[in-house]
Amino acid sequence: MKLPPPPHGAASTLLALLSLSLLLLRLLLRLRLAAFRDAALSLHLLARLRLRPVHLRISATTTLRVWCPSSPSGKPPLLLLHGFGGDAKWTWARNLHPLSRHFHVYAPDLVFFGAHSRSSSPLRSVAFQARCAADAMRLLGVSRYDVAGISYGGFVAYRMAAAEARDAVGRLVVMTSGVAAAPGEMREMAAREERTVEEALLPKNAEGLRFLVRRSMHRPPPWMPDFVLDDFIQLMCVDQRKERAELLQELLKNGAGFDPLPVLTQETLIIWGDKDRVFPVDLGHRLQRHLGGNTRLEIVKDAGHALQLEGAEHVNKYIKSFLLDERRAGPGVAVAQK
């Protein structure tokens, strides 16, 4: 008896899984551990979480890759926006699985991050990133969604909620993002650092990446060999480096692009690590005061700027509770013990 051919979508997924499996084997044999990890993350998203990469033509000049659910569901849609430390896969590695149980998750690589989100546009503003993310969700047919952004992604998320996607964004989660700091204040903070912002966030060698990891995490990995760090740099910090440096300069110059910073109408959850050495926790308190009674601040103890990794369990719990209205404690401040 001749079996019918598999559906086109299933065949495409099977082919993608096979290709990734072969790539994993090749990378393992060559001991390119960062590239191996990158391929393993893709395989995990495809096979385990049923998330697939969609390449969207935002405009004549801009393409965005978004990790999207493979099939419809009744779960509420959630847009996750990463920061400068990596693309969507690496940033949300400890969050996508827990959150996808409760949400229809969309995780784009922001413009100039990853191998597939590219643009020939000269624009480098937070507003440009927000428009691209908002246009991507419209192209995907999602008219109403919640947004969570960390660090640079928090600037983009805030901008979307205030302007570019104001009518589409339901609730907002901002994590360790200096959106409440005036651009001049951010420049002063950057000037006090041991190295320039580009050197710190776009490292060129193992020593520079080791500095970034130790700056971003309260408890960094104890073992970071040069060959692994060099591999990560080749994977994440070489392609589109010039454009990302220009994004940083624009951020220091204009912040989210508002003067003054508007008060949002959306309910907002702010999450911060109490050991954040990039954006001090005082900026979280300041943002809460600015937004007023529609806002809650959660502080994770013994966690640094890479909060979504070091405090993943708390971050996932807070996002789920806030967005699904479970066990809401009301506006205020809470401290989570590690």
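The values are calculated or read from the model by the stated rules, or taken from the named source; none is laboratory data. None of these values were measured; they are calculated from a predicted model. Here the Cβ is made from the backbone with ideal geometry for all residues, glycine too, and neighbour counts use every protein chain on show. The accessibility values were calculated without ligands, DNA or RNA, using every heavy atom of the protein model including side chains. Shrake-Rupley method; radii C 1.70, N 1.55, O 1.52, S 1.80 Å.
Amide H contacts for Val105 (H built 1.01 Å from N in the peptide plane; partners 5 or more residues away or on another chain; cut-off under 5 Å): Leu78. Place a label point 7 angstrom from the Cα of Val142 along the Cα-to-Cβ direction, then list the residues of the range 46-85 whose backbone nitrogen is under 13 Å away. Within reach of a label on Val142, which here means backbone N under 13 Å from a point 7 Å along Cα→Cβ, the range 46-85 contributes 51-54, 65-82.
Sorted on the mean count of surrounding Cβ atoms within 10 Å across their residues, most packed first, peptides 148-157, 46-55, 219-228 read 148-157, 46-55, 219-228. Which percent, nearest 5, of DSSP beta bridges in the range 51-324 are antiparallel? Taking every DSSP beta bridge within the range 51-324, about 35 percent pair in antiparallel fashion. With each label point set 7 Å from Cα along the Cα-Cβ vector, what nm distance links Glu246 and Met224? Calculated label separation equals 2.9 nm. If we count every other residue with Cβ under 12 angstrom of Leu81's Cβ, Lys/Arg +1 and Asp/Glu -1, where does the sum land? Net of charged neighbours comes to -2. Modelled spin labels at Glu207 and His102, positioned 7 Å past Cα toward Cβ, are 4.5 nm from each other.
The slack between Ser73 and Ala47, meaning 0.36 nm per residue of separation minus the straight C-alpha distance, is 7.6 nm. At 1.4 Å probe radius, can you tell me the per residue accessible area of the range 51-324 in Å²? Ligands and nucleic acids excluded, the result is 40 Å² per residue.
Please give the residues of the range 68-107, grouped as numeric ranges, whose backbone N is less than 18 Å from a label point set 7 Å along the Cα-to-Cβ vector of Val238. The answer is 86-87, whose backbone nitrogens lie closer than 18 Å to the label point. Most tightly packed first, judged by the mean number of other beta-carbon atoms within 10 Å of their residues, the peptides 76-85, 113-122 read 76-85, 113-122. The accessible surface of the range 51-324, taken with every protein chain in place and a 1.4 Å probe, is 53 percent carbon and sulfur. Glu193 contributes about 70 Å² of solvent-accessible surface, heavy atoms of the protein only, 1.4 Å probe. Taking label positions 7 Å along the Cα-Cβ direction at both Arg214 and Leu33, the computed distance is 1.8 nm, reported to one decimal. Once the Cα-Cα distance is subtracted from the 0.36 nm per residue extended length, the Arg166 to Asn294 segment shows a gain of 44.5 nm.
Backbone geometry of the range 126-142 corresponds, through the Karplus equation with coefficients 6.51, -1.76 and 1.60 at θ = phi - 60°, to 3J(HN,Hα) couplings of 4, 4, 4, 4, 5, 5, 5, 5, 5, 5, 4, 5, 5, 5, 7, x, 9 Hz, x marking Gly and Pro.
Dividing the convex hull volume of the alpha-carbon atoms in the range 108-193 by its residue count gives 113 Å³ per residue. Who wins for biggest fluctuation among Arg296, Arg57, Arg159 in a Gaussian network model of the chain, springs between alpha carbons below 10 Å? Comparing Arg296, Arg57, Arg159 in the GNM, the peak value goes to Arg57.
Whole-Hz Karplus values for the range 38-47 come out as 5, 5, 5, 5, 4, 4, 5, 5, 6, 7 Hz, taken residue by residue from phi with 6.51 cos²θ - 1.76 cosθ + 1.60 and θ = phi - 60°; glycine and proline positions read x. Here's how it looks for Arg52: its modeled amide H is under 5 Å from those of Cys68, Ser70, which are all 5 or more places away or on a different chain.
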